[in-house]
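Here's the structure we're looking at; comments come further down.
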Amino acid sequence: MRQGVEPLIQTQDVTKIYNRHMADEVKAVDRASVDVQEGEVLVLRGPSGSGKTSLLSMLGCMSRPTEGRILVGGKNVSKLPERFLTQIRRATFGFIFQQLNLIREVSVLENVILPLYPAAEDWSEMIRGAKEILAKLDIEKKSSSKVKQLSGGEQQRVAIARALINRPSIIVADEPTAHLDRDLSEEFLEILAGLNREGKTVVIGTHDPLVYEHSFVSRTVSMRDGRVEEGAGR
């Protein structure tokens, strides 16, 4: 943690247990403490099963810890009612999932504006904002195409556009290059680097050295067996 600067997000000794007190109980995260500073690119690095996806989920307020605390902007959000946690997610985070989670049978534009529906924004403003982001990502010409008609790289850009539609301050990406070849991975990372230069904080979970060795990464936190092993600044 930088001297005198409060972290944007903190996990304090968080533990995540699935199927607690059952025969198939799994401790995915074990007393992990991680700080995320505003404006940095933080990578959670580790092999499959290391706990990085579960920790990433807690950092992004998508799941709650079994034990420990999560602080966003210095406020403990671990035990907030779900409706308030949902508001924090919508106002703060944009998510890029490993499987993309796009709806293949509907249009690019509809996929991008989907996170805005609960916010009840003006329809014309929703469309305008989505088209601006798609243009920035050089995929506006595909806005009326169904997702299933797009290439892998194009689908990744749609996923990025959807993550940006609510104007988040933090981008959370889980294994974002898992299904991309090297060229598309490098293209994707350059987009993330550009977003970071614009002021976005980026948190990535990955086992891909192309990601964690990239020059735009500020810091890596290594995980194994649910524990944080190290967090080295660069």
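Let me spell out the model: positive unit charges on the Cβ of Lys and Arg, negative unit charges on the Cβ of Asp and Glu, origin at the Cα centre of the chain. What dipole size does that give, in debye rounded to 20? Can you show the working numbers first?
Details: 32 positive and 32 negative charges, 105 e Å.
The dipole of the chain has a size of about 500 debye.
Gaussian network model of the chain, Cα springs within a sub-10 Å range: biggest mean-square fluctuation belongs to which of Leu102, Leu134, Leu114?
Result for the chain, Cα springs under 10 Å: Leu114 fluctuates most.
Roughly what would the spin-label model give for Asn76 and Ser218, points 7 Å off Cα along C-beta, in nm?
It works out to 2.6 nm between the two label points.
If you look for lysine pairs in the chain that are eight or more places apart or on different chains, how many of them have Cα atoms under 19 Å apart?
Details: Lys16/Lys27; Lys16/Lys52; Lys16/Lys79; Lys27/Lys52; Lys131/Lys141; Lys131/Lys142; Lys131/Lys146; Lys136/Lys200.
Step by step, the pairs that qualify in the chain add up to 8.
Classify the chain from the C-alpha gyration tensor, please: rounded if a/c falls under 1.5, else prolate or oblate depending on whether a/b exceeds b/c.
On the way: a/c = 1.61, a/b = 1.44, b/c = 1.12.
Cα axes put the chain in the prolate bin.
Could you give the length gained on full extension between Ile88 and Ile103, defined as 0.36 nm per residue of separation minus the Cα-Cα distance, in nm?
Working: separation 15, 0.36 × 15 = 5.40 nm, distance 2.39 nm.
That pair, Ile88 and Ile103, stretches by 3.0 nm at full extension.
Rounded if a/c is under 1.5, else prolate if a/b beats b/c, else oblate: with a ≥ b ≥ c from the C-alpha gyration tensor eigenvalues square-rooted, which is segment 105-207?
Numbers: a/c = 1.86, a/b = 1.28, b/c = 1.45.
Oblate shape, in that a/c is at least 1.5 and b/c is the bigger or equal ratio.
Read-outs: derived from the displayed coordinates by stated rules, not from any lab. This structure is a prediction, so every number in the text was calculated from the model and none was measured. Backbone-built Cβ (ideal geometry, glycine too); neighbour counts: all protein chains shown.
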